[in-house]
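Single-structure report; data block below.
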Amino acid sequence: ASGKARTTWQSASRPRIELHSGSYVALFHFNEGEPAVNPSPRGSKIALVGVAGLAVLVLAIALALSHTGRSPLENFWSPLLGSRGPVLVSVGQPIAYNLRSFEAQDAIQGIRTPPPEFTAMKAIPKKDLVILPDRFVTLGDATCVAHVVSVLEKYGKACKVRGEHTISFDDLRDTPAVLIGAFDNKWTLRMTGQLRFTFVKGAGPETDIVQDREHPDVQQWKITGAWPYWDVPNDYAIVTRVVDATTDHPVVIAAGITQYGTMAAGEFLSDPSYFSMVVGKLPP
């Protein structure tokens with residue numbers, strides 16, 4: 001500015017731009033303080049033009065960051081990748097049983113010849129069984145864990161894998177999470193219980209359903225008669241990313257009705273080509 005008056009702004013009066021981690025929306029704050037010396041009209045005009053130019057520049061940078069060539073899959077994972085702390089991966093734990101006799105258990109595993117009394121059994125008495133509620137995971141769930149961890153490690157994001165029985169609400173409140181497995185993971189059932197699509201047990205015997213709450217009469221995603229062998233020709237899964245209203249953390253769910261759907265969900269969430277095929281068909 002020409003003239004004798006020199007424009008001097010206190011630091012508090014400078015425009016402030018906030019760009020929060022994991023977000024591409026810039027927040028602009030103007031006139032948060034008073035100038036130490038009132039500028040001349042021409043000085044004010046120059047200052048405002050400078051602020052406007054800076055705003056446009058920052059906005060252009062923010063828009064550029066949102067179109068940096070990231071794949072749709074990377075965009076899906078970005079809220080978890082940009083979050084603080086490690087991601088908690090919760091894997092379902094189905095109830096399993098051991099035989100109380102280790103000789104009989106080894107015989108089932110094919111390690112040794114069955115003892116005569118075991119060979120003669122028509123049914124295993126309940127007293128000979130030991131329930132193990134928190135020791136095992138299914139092969140499909142374990143495969144899904146491997147796919148999810150590989151994606152997080154690819155982008156340098158730390159994670160910790162825990163069985164659902166060892167997780168508390170406080171754990172989920174402190175960190176973003178990935179919930180793997182449906183009926184063997186209570187946290188998945190609690191989370192999907194708040195969503196439009198959820199897992200339910202059907203009215204008929206041995207029927208499991210992915211249900212649309214808005215259209216409960218439509219039951220096209222169901223499996224009947226899978227128990228006890230889980231020999232199914234098709235399976236159905238829910239894959240979603242939401243912000244938990246109670247924890248304010250992003251949560252990803254990868255869960256099938258059976259372990260096969262969970263395995264497929266893990267492949268879907270780790271393979272850019274699979275993910276892009278579906279995302280291209282979704283509404284904005």
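What's the number of the only condition in (1) open to solvent by less than 100 Å² (accessible area, probe 1.4 Å); (2) of a type in the set (A, V, I, L, M); (3) not in a helix (DSSP H, G or I) that ILE111 fails to meet?
The failed condition is (1).
Say whether the condition of being surrounded by fewer than 16 Cβ atoms within 10 Å (Cβ to Cβ), more than 20 Å from the chain's Cα centre (by Cα) and not hydrophobic (A, V, I, L, M, F, W, C) is met by at least one residue in the stretch 242-256.
Checked the stretch 242-256: no residue is surrounded by fewer than 16 Cβ atoms within 10 Å (Cβ to Cβ), more than 20 Å from the chain's Cα centre (by Cα) and not hydrophobic (A, V, I, L, M, F, W, C).
Output the residue which, of all residues in the stretch 204-232 that are more than 23 Å from the chain's Cα centre (by Cα) and open to solvent by less than 30 Å² (accessible area, probe 1.4 Å), is farthest from GLY140 (Cα to Cα).
Filtering first and then ranking leaves THR207.
Quick one: in the stretch 157-179, which of the residues that are in a helix (DSSP H, G or I) and within 27 Å of ASN75 (Cβ to Cβ) is least open to solvent (accessible area, probe 1.4 Å)? Write out each step before concluding.
Applying the first criterion (in a helix (DSSP H, G or I)) to the stretch 157-179 yields 164-166, 169-173.
Next cut, within 27 Å of ASN75 (Cβ to Cβ) only: 171-173.
Details: ASP171: 46, LEU172: 24, ARG173: 113 Å².
It comes out as LEU172.
Looking at (1) in contact (Cβ under 8 Å) with a residue 12 or more places away in the chain; (2) under 20 Å from ALA254 (Cβ atoms), which one does VAL200 not meet, given that it meets all the others?
The one condition VAL200 does not meet is (1).
Grab the strands (runs of 3 or more DSSP E) fully contained in the stretch 190-262, keeping just those with 1 or more residues being under 30 Å from ASP174 (Cα atoms). Write out each step before concluding.
Details: elements: 197-201, 207-212, 222-224, 237-243, 250-256.
In the stretch 190-262, the matching strands (runs of 3 or more DSSP E) lie at 197-201, 207-212, 237-243, 250-256.
Count, please, the residues in the stretch 142-156 that happen to be modelled with pLDDT under 95 and surrounded by 15 or more Cβ atoms within 10 Å (Cβ to Cβ).
Within the stretch 142-156, residues that are modelled with pLDDT under 95 and surrounded by 15 or more Cβ atoms within 10 Å (Cβ to Cβ) number 0.
Looking at (1) closer than 18 Å to LYS186 by Cα; (2) open to solvent by 70 Å² or more (accessible area, probe 1.4 Å); (3) polar (S, T, N, Q), which one does GLN93 not meet, given that it meets all the others?
Looking at each condition in turn, GLN93 falls short on (2).
The values are calculated or read from the model by the stated rules, or taken from the named source; none is laboratory data. Quick caveat: nothing in here was measured; it's all calculated off a predicted structure. In this analysis, Cβ positions are derived from the backbone assuming ideal geometry, glycine residues included, and neighbour counts consider all displayed protein chains. Note: accessible area is taken over every heavy atom of the protein model, side chains too, but ligands, DNA and RNA are not part of it. Shrake-Rupley method; radii C 1.70, N 1.55, O 1.52, S 1.80 Å.
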